[in-house]
Amino acid sequence: MMHNTAIRARRALVATGAVAALVLAGCAADPEGASSGGDSGGGDAAGEGGTIRVAYLATGSSLPLFVTAEKYAEEVGINVELVEVASGNESITGVATAQYDAGFAGIGSAAYNAVDEGLPVRYVAPMHAGYIEDYFIVSSQLAGSSDEAAAVAEDMSQLAGQTFAVNAPGVVTEALLGFALERGGLSMDDIALEYIPFPDQVPALANGGIAAGILSEPFPTQAEGNGSGYRPWETPTDEDPLPFTGIIYNTDWADENPQVAEDFMRAYAMAAEDLDANGWDTPEMLELVEQYTGADPAIVAASRQHHIPADLSVDFDVLLRYQEFFMEQGSLNYDEIIPEEDIWDFSWRDAALEN
């Protein structure tokens, strides 16, 4: 069986009017920023011969997809074609227009708006989870150590009016910043918000261009390593991590190809169990991250690790909190909360776990 797992293609999107509006209004939906694509590759037509075409972002948080393709797809008898995209928006739009059968999506306004538009897109499983404590970092112009950063973060009211940063509007990192500010006595209305890619936030922290920001690994570790900023909080040991990204299906495709959709979820569940049991920083996993992202394994190993629940469970209370945040920010195209069970469809996950 052909196993197309290293295909990296940037494909032009021909979106419907609804999807185009979604992209403009909903903004990027992944918490990991953007990446550039490589050469185009071929593959079997989606849904034929047990093939599933999956959009991914070249970041370490996509490791569950890499493990699924490289370790478990063949075991369940499917062919996975991984296609690199530049952003969560590209993944959502591509899945909605059936360019891809499945993909990743950050938990953000673009996916919520897609559901509201009636597009055939649903979250079907979580992809990676983490902690606000691992993402929030304070400028070295305000704090020269983690202890000093903790003192700043305890009461951030003195930072009212200063500039904070996330990577893009309407993404899960924006919600995380809102939660971090609330913890320190501020709200989003109290600050100036800038949208700055993760790598560019590191020098902005160093020169005081931003007071603090939400950065995904490995950038917080790099910032602490070069003295640009410091995380005020340690990773909790007695709390579950928050879901940050999820797997999305084109539900029209999944309904027409139920066995492939379920088999992919079986392989994905095995990948989740593998990562949950053995960690994201084993030599095997670091090699996969390097293969798909080009990241230095030593830097990835030194970073605070991502998480995934072995049972692919998601806390709907957390998800509702995200949706309420985006509604308060005005980044949703609707006025009434959509029940999370209408946004997440676990039927394929549940069938896979039963088998």
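The values are calculated or read from the model by the stated rules, or taken from the named source; none is laboratory data. Given the structure is predicted, the values throughout are model-derived calculations rather than measurements. Here the Cβ is made from the backbone with ideal geometry for all residues, glycine too, and neighbour counts use every protein chain on show.
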Can Gly246 be described as touching a strand residue (DSSP E or B) at 6+ places or on another chain (Cβ under 7 Å), outside the structural domain of Thr59 (by TED's automatic domain parsing), within 21 Å of Ile107 (Cα to Cα) and touching a residue at least 40 places away in the same chain (Cβ under 8 Å)? no
Sole exception among (1) touching a residue at least 12 places away in the same chain (Cβ under 8 Å); (2) assigned to a helix (DSSP H, G or I); (3) surrounded by fewer than 17 Cβ atoms within 10 Å (Cβ to Cβ); (4) not aliphatic (A, V, I, L, M) for Asp311, by number: (2)
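Kindly evaluate Val289 against the criterion of being buried (at least 23 other Cβ atoms within 10 Å of the Cβ) and touching a strand residue (DSSP E or B) at 6+ places or on another chain (Cβ under 7 Å). Walk me through it before giving the result.
Numbers: buried (at least 23 other Cβ atoms within 10 Å of the Cβ): yes; touching a strand residue (DSSP E or B) at 6+ places or on another chain (Cβ under 7 Å): no.
No; evaluated as a whole, the condition is false for this residue.
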Go through region 171-191 and report how many residues are within 20 Å of the chain's Cα centre (by Cα), over 21 Å from Thr235 (Cα atoms) and either in a helix (DSSP H, G or I) or modelled with pLDDT of 95 or more (or both). 0
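Among the strands (runs of 3 or more DSSP E) contained in region 45-127, which hold 2 or more residues that are within 16 Å of Pro258 (Cα to Cα) and not assigned by TED's automatic domain parsing to the domain that holds Pro218? Working first, answer last.
Details: elements: 51-56, 79-84, 102-106, 121-126.
Output list reads 51-56, 79-84, 121-126.
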Single condition Ala153 does not satisfy, out of (1) among the small types (Gly, Ala, Ser); (2) closer than 20 Å to Glu174 by Cα; (3) out of contact with any Gly (no Cβ under 9 Å at 6 or more places or on another chain): (3)
Which condition breaks for Leu142 when tested against (1) within 14 Å of the chain's Cα centre (by Cα); (2) of a type in the set (A, V, I, L, M, F, W, C); (3) more than 21 Å from Glu174 (Cα to Cα)? (1)
